[in-house]
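Quick notes on the structure that follows.
The values are calculated or read from the model by the stated rules, or taken from the named source; none is laboratory data. Since the structure is predicted, the reported quantities are computational estimates derived from the model, not experimental observations. All Cβ positions, even for glycine, are placed from backbone atoms using ideal geometry, and neighbour counts span all protein chains on display.
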Amino acid sequence: MTILFETRSLTKSFFGITAVNNISLEVEEGKILGLIGQNGAGKSTLMNLIGGVHQPDSGQMLLADKAYTPRNPADAKQAGIAFIHQELNLFTNLTIAENIFIDGFPTRRIGPIRFIDRGQLKRETASILEWVGLDVPADTVIETMSPGERQLAEIAKALYFDARIIIFDEPTTSLTARETERLFEIMRQLRDTGKAVIYISHILKDIAAISDSIAVMRDGVLMAQESAESFTIDRMINLMVGRKLEQLYPPKTAQSEPDTLLQVKNVSAKGLVKDIDLSLRGGEILGLFGLMGSGRTELARIIFGLDQFDAGEIYVEGKRRTANSIRNSIKNRIAFVTENRREEGLLMNVSIADNTTLVSLPQFANDLTLYVNQQALSDAAQQASQILQLKSGDITTQAAKALSGGNQQKVVIAKWLLNEPMIFIMDEPTRGVDVGAKYEIYTIIDQLAAIGSGVLFISSEIEELIGMCDRILVMSQGEVVGEFTRSEFDEERILRAAFREGEEKPHAAVK
């Protein structure tokens, strides 16, 4: 066994809260280390210390038995450490090739003048894209790509230079099953060439399948680091949350009401969705499943008013919607938890409290003077944080960017909860969230339905839709191709409908 990298008593605190506490971890050469823990357990902070994003308060790191003290990510990269962050680090206005070679473009000389060698740029980019299984041209602009394609482009960027240690922080959250399997092939290839891989994920079955050893963190402490064979899923969960999770989903307390809150009739948007019919009742949790590119997110954005549609009608509480806008949606108490919390869900440099009260701010202002009652605002934000069990410092001073990914997601949900939504659109609400926090989010969804709200629950995980929903609609290529009531739920049938194999015909829309 050759130890390539290790930490000794590594400690780091933020805002008086210890995020990493006396961690001693070993990373072997030619092995895959799976790292798990709840949101806020300290995983990302530990990786940020290794990646040079933060510096430790105490302790030390060793790389190939030599002191390793990166002052910034450039130092980590120079030392041969590649870090693929959970939140993508791409310039969306540039091409894939430009992102990969941003630190140094291939050049050629014509006389005294040196030019970027565009031909070599495209050839080398095409080669690395083929290796990661991304079948798009090298000159594709990032902002035109789907989330899954962007994830693979980020992986291509990180793998281009000859790293000794590659850290993957939740890399599969935007990938299809096929893309995920391709990623695992890449990780195995890296391992077989002697690289060390650190794989962080909340998908425990993936951790068990791909890892050689597993490390478990809880509340900033390393609970265990052992061979993968010594872990069962139950043991992982027990070490992560300090208790056994007997149920993955809360008991269902809500019942659908006869009143239809939302009705979408024959809605079409060129190149996005076609002839969409759906209805959502009060107290109902309606699942929306489909493969990447099926049109789920596009439909959600249209319903919320972010994007416009060419034909069809949308009714809210029986009234035809004439102004398809975000302002109109908020006025009608429609909420939207976007799948992209970093760019669309939060103001990352703004405090947690200000993010939490962003949507409901007018409710705390005097009708005449527009003066905001700061105390009431602060009290409401504190209450929402407590309900969602947010792990943070002072919410009035701590910025959203300082939170873990899962706690950031809780702030996004809190922002909408304060507006007491009647219709709640949730696009991948548990993406990048650990099993304990998932249960908390599921409970919130059930409670919303129990008080009569309608929830449109979009997810790539069939299991959670089956566990939570009253009905599931399946989309493919911009169309609804299947509908399943709770008594009809079957994972294989739902997946076949998504692939349009043995296509399920939608039932008549609920009136």
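Worth pointing out:
- Verdict on Asn407 being crowded, with 17+ Cβ neighbours inside 10 Å, within 28 Å of Ile302 (Cβ to Cβ) and touching a residue at least 60 places away in the same chain (Cβ under 8 Å): no
- Of the residues making up segment 190-205, those that are in a helix (DSSP H, G or I), touching a helix residue (DSSP H, G or I) at 6+ places or on another chain (Cβ under 8 Å) and either charged (D, E, K, R) or at pLDDT 90 or above (or both) number 1.
- Of the residues making up segment 193-229, those that are without any contact (Cβ under 8 Å) to a residue 60 or more places away in the chain and of a type in the set (D, E, K, R) are Lys205, Asp206, Glu226, Glu229.
- Condition met for Leu278 (more than 14 Å from Leu473 (Cβ to Cβ), crowded, with 19+ Cβ neighbours inside 10 Å, out of contact with any helix residue (DSSP H, G or I) (no Cβ under 8 Å at 6 or more places or on another chain) and of a type outside the set (D, E, K, R)): no
- Condition met for Val141 (within 23 Å of the chain's Cα centre (by Cα) and surrounded by fewer than 17 Cβ atoms within 10 Å (Cβ to Cβ)): yes
- For the residues Arg109, Arg123, the requirement of being in a strand (DSSP E or B) and assigned by TED's automatic domain parsing to the domain that holds Thr172 singles out Arg109.
Here is a yes/no grid of residues against (1) modelled with pLDDT of 90 or more; (2) polar (S, T, N, Q); (3) over 27 Å from the mean Cα position of the chain (by Cα); (4) closer than 30 Å to Gln383 by Cβ:
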site	(1), (2), (3), (4)
Asn266	yes, yes, yes, no
Ile285	yes, no, no, yes
Gly290	no, no, no, no
Ala300	yes, no, no, yes
Phe309	yes, no, no, no
Ile330	no, no, no, yes
Leu347	no, no, no, yes
Ile352	no, no, no, yes
Thr357	no, yes, no, yes
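- Among residues of segment 144-180 being in a loop (DSSP other than H, G, I, E, B), surrounded by fewer than 22 Cβ atoms within 10 Å (Cβ to Cβ) and among the small types (Gly, Ala, Ser), the one that is modelled with the highest pLDDT is Ala163.
- Glu313 part of a strand (DSSP E or B), among the acidic types (Asp, Glu) and over 17 Å from Val411 (Cα atoms): yes
- Condition check for Lys66: more than 30 Å from Asp139 (Cα to Cα) and of a type in the set (Lys, Arg): yes
- Residue in segment 64-72 that is in the same structural domain as Ile155 (by TED's automatic domain parsing), in a loop (DSSP other than H, G, I, E, B), of a type in the set (S, T, N, Q) and over 20 Å from His202 (Cβ atoms) present: yes
- From the list Ala97, Ala41, Ala82, the lone residue that is within 29 Å of Glu339 (Cβ to Cβ), modelled with pLDDT under 95 and in a loop (DSSP other than H, G, I, E, B) is Ala41.
- Failed item in (1) farther than 27 Å from Ile237 by Cβ; (2) surrounded by fewer than 15 Cβ atoms within 10 Å (Cβ to Cβ), with Leu62 passing the rest: (2)
- Top-ranked residue of segment 456-511 - restricted to ones that are at pLDDT below 90 and basic (Lys, Arg), ranked as farthest from Leu288 (Cα to Cα): Lys511
- Test: residue in segment 57-76 that is more than 24 Å from Glu154 (Cα to Cα) and of a type in the set (Lys, Arg): yes
- Filtered by the rule that a residue be crowded, with 19+ Cβ neighbours inside 10 Å and not in a loop (DSSP other than H, G, I, E, B), segment 46-59 gives Leu46, Met47, Asn48, Leu49, Ile50.
- Cβ pairs under 9 Å, 6+ apart, first in segment 255-273 and part of a strand (DSSP E or B), second at pLDDT 90 or above and among the basic types (Lys, Arg): Thr260/Arg281; Leu261/Arg281; Leu262/Arg281; Val267/Lys274; Ser268/Lys274
- Counted as qualifying within segment 320-405 are the helices (runs of 4 or more DSSP H) with 1 or more residues that are closer than 19 Å to Thr430 by Cα and not assigned by TED's automatic domain parsing to the domain that holds Ile36, namely 352-356, 374-387.
- Selection count where residues are under 22 Å from Gly282 (Cα atoms) and of a type outside the set (S, T, N, Q), scope segment 328-358: 7
- Matching residues, segment 211-243, being among the basic types (Lys, Arg) and within 23 Å of the chain's Cα centre (by Cα): Arg218
- Which numbered condition Met223 misses (of (1) surrounded by fewer than 20 Cβ atoms within 10 Å (Cβ to Cβ); (2) farther than 26 Å from Met61 by Cα; (3) at pLDDT 85 or above): (2)
- Within segment 179-192, being free of Cβ contacts under 8 Å to residues at least 40 places away in the same chain and either of a type in the set (S, T, N, Q) or under 20 Å from Ala498 (Cβ atoms) (or both) holds for Thr180, Glu181, Gln189.
- Subset of segment 400-455 that is among the charged types (D, E, K, R) and modelled with pLDDT under 80 - its residue that is nearest to Gln383 (Cα to Cα): Asp434
- Yes/no for Lys43 being closer than 30 Å to Leu183 by Cβ, crowded, with 23+ Cβ neighbours inside 10 Å, in contact with a Leu (Cβ under 7 Å, 6 or more places away or on another chain) and not β-branched (Val, Ile, Thr): yes
- Near pairs, Cβ below 6 angstrom, 6+ apart or cross-chain, from segment 441-470 (closer than 9 Å to Ile285 by Cα and part of a loop (DSSP other than H, G, I, E, B)) to any residue that is among the β-branched types (Val, Ile, Thr) and at pLDDT 90 or above: Cys469/Ile285; Asp470/Ile285
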